[in-house]
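**Q** What follows is a structure written as structure tokens; I'll ask about it next.
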Amino acid sequence: MNYKKTKEFAEILDREDPLASYQGQFHFPYQSNGKKHIYLCGNSLGLQSKKTSDFVNQELEDWKTLGVEGHFHARNPWLPYHEFLSESYSKIIGAKTSEVVAMNTLSVNLHLMLVSFYRPSEKRSKIIIEDDAFPSDIYAVESHISHHGLDPDKVLIKLKPRNGEAALRTDDILDYLRNNSEDIALIMLGGVNYYTGQVFDMQKITSVAKENGVVVGFDLAHAIGNVELLLHEWGVDFAVWCSYKYLNSGPGSVGGVFIHESHHDKETPRFAGWWGHEKDSRFKMPDKFIPINTAEGWQLSNPPILSLAAVRASL
């Protein structure tokens, strides 16, 4: 198909779009003249699903009528509520259900993942990101470098496209990994760059990084719900995402993490909280932390149910 920059061609694509029927499942904002907006802002905030109100109102009703008993006796009990999202998430990112958990927001989750997966040594301390990464990712990475007593100007490697080019070449990323792996502790890229829209070849990048002993993480804010992902199969170590863009779950809604099952041992360092403690003894309030042997072991606090309900409605 030859693409044309014409209104007529765009209308043809609209008519032939196999996903066009899904438009009817979302609320669209309207212009002052009463016409529906052509909404091209899903990369910032996705539209509200027409199911969202029902899902959220169900939890409000159960809270109203059950109070604390809603944790166990709500129509959708709150105690395991986050688990209701795991199967859908696992399909979207190509993972096992044990490798995903809905919790916190993206930057918070990135900090938690860096605690576990950025373990600089005297030999390997550098982190690779793309030069035009989302600023919050840069802030988080630099803060962890500084926290370890290192200099971000020396340790953080920002890969830039070649002169005159807008996107990083995959071969340039792979060559840098192969030629400098002895210094690199972690590569952390956006699965889809937030500014250019470049889709990184996550499979190749992960493969070469792992061959050279480099830990691999991805910020999937602009990738989840947008491009095909097979994180478990590719061997990605960790990933983080938000859910308010292509997952249409509402402003500031709960994000999520992927942690490959190879890291689900109790020895992987992490920041701990009571919701990550093994479920059988959590409410016995023991002093010693014993993590759940899945990605849930990285949870800190019980999640916000009203926000999770909006995520669930969209998923």
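Quick note: the coordinates plus some simple rules give every number you see, no bench work behind them. Note that this is a predicted model, so its numbers are computed, not measured. Using ideal geometry, Cβ is built from the backbone for each residue, glycine included, and neighbour counts are taken over all protein chains shown.
**Q** Taking the residues in the range 84-105 that are touching an Asp or Glu at 6+ places or on another chain (Cβ under 8 Å) and surrounded by fewer than 22 Cβ atoms within 10 Å (Cβ to Cβ) as candidates, determine which candidate is nearest to residue 280 (Cα to Cα).
**A** In the first step, residues of the range 84-105 are kept if they are touching an Asp or Glu at 6+ places or on another chain (Cβ under 8 Å); the result is 90, 94, 96-99, 101.
Remaining after also requiring surrounded by fewer than 22 Cβ atoms within 10 Å (Cβ to Cβ): 90, 94, 96-98.
Numbers: 90: 24, 94: 28, 96: 22, 97: 19, 98: 17 Å.
Per the criteria, the residue is 98.
**Q** Which of the residues belonging to the range 204-236 are within 24 Å of residue 135 (Cα to Cα), free of Cβ contacts under 8 Å to residues at least 60 places away in the same chain and of a type outside the set (Val, Ile, Thr)?
**A** Passing the criteria: 209, 218, 223, 226.
**Q** Condition first: of a type outside the set (A, V, I, L, M) and buried (at least 19 other Cβ atoms within 10 Å of the Cβ). Now tell me which residues in the range 267-293 satisfy that. If you could, list the steps in order and put the result at the bottom.
**A** Restricting attention to the range 267-293, the residues satisfying the condition of being of a type outside the set (A, V, I, L, M) are 267-271, 273-284, 286-289, 291, 293.
If the condition is that a residue be of a type outside the set (A, V, I, L, M) and buried (at least 19 other Cβ atoms within 10 Å of the Cβ), then 270, 275, 276, 277, 291 are the ones that fit.
**Q** Looking only at the range 294-309, filter to residues that are closer than 16 Å to residue 78 by Cα and small (Gly, Ala, Ser); which one of those is surrounded by the fewest Cβ atoms within 10 Å (Cβ to Cβ)?
**A** Checked the range 294-309; the qualifying residue surrounded by the fewest Cβ atoms within 10 Å (Cβ to Cβ) is 301.
**Q** Kindly establish whether residue 256 is of a type in the set (Gly, Ala, Ser), without any contact (Cβ under 8 Å) to a residue 40 or more places away in the chain and touching a helix residue (DSSP H, G or I) at 6+ places or on another chain (Cβ under 7 Å).
**A** Values: of a type in the set (Gly, Ala, Ser): yes; without any contact (Cβ under 8 Å) to a residue 40 or more places away in the chain: no; touching a helix residue (DSSP H, G or I) at 6+ places or on another chain (Cβ under 7 Å): yes.
Criteria not met by residue 256.
**Q** Can you pull out every residue in the range 41-78 that is under 17 Å from residue 254 (Cα atoms) and more than 23 Å from the chain's Cα centre (by Cα)?
**A** Kept after step one, since they are under 17 Å from residue 254 (Cα atoms), are these residues of the range 41-78: 42-49, 52-53, 55-56, 59, 78.
Answer for the range 41-78, where residues must be under 17 Å from residue 254 (Cα atoms) and more than 23 Å from the chain's Cα centre (by Cα): 53, 59.
**Q** A further question on this structure: Being farther than 22 Å from residue 225 by Cβ and surrounded by 10 or more Cβ atoms within 10 Å (Cβ to Cβ) is the filter here; which residues of the range 1-35 pass it?
**A** Scanning the range 1-35 gives 4, 9, 10, 11, 12, 30.
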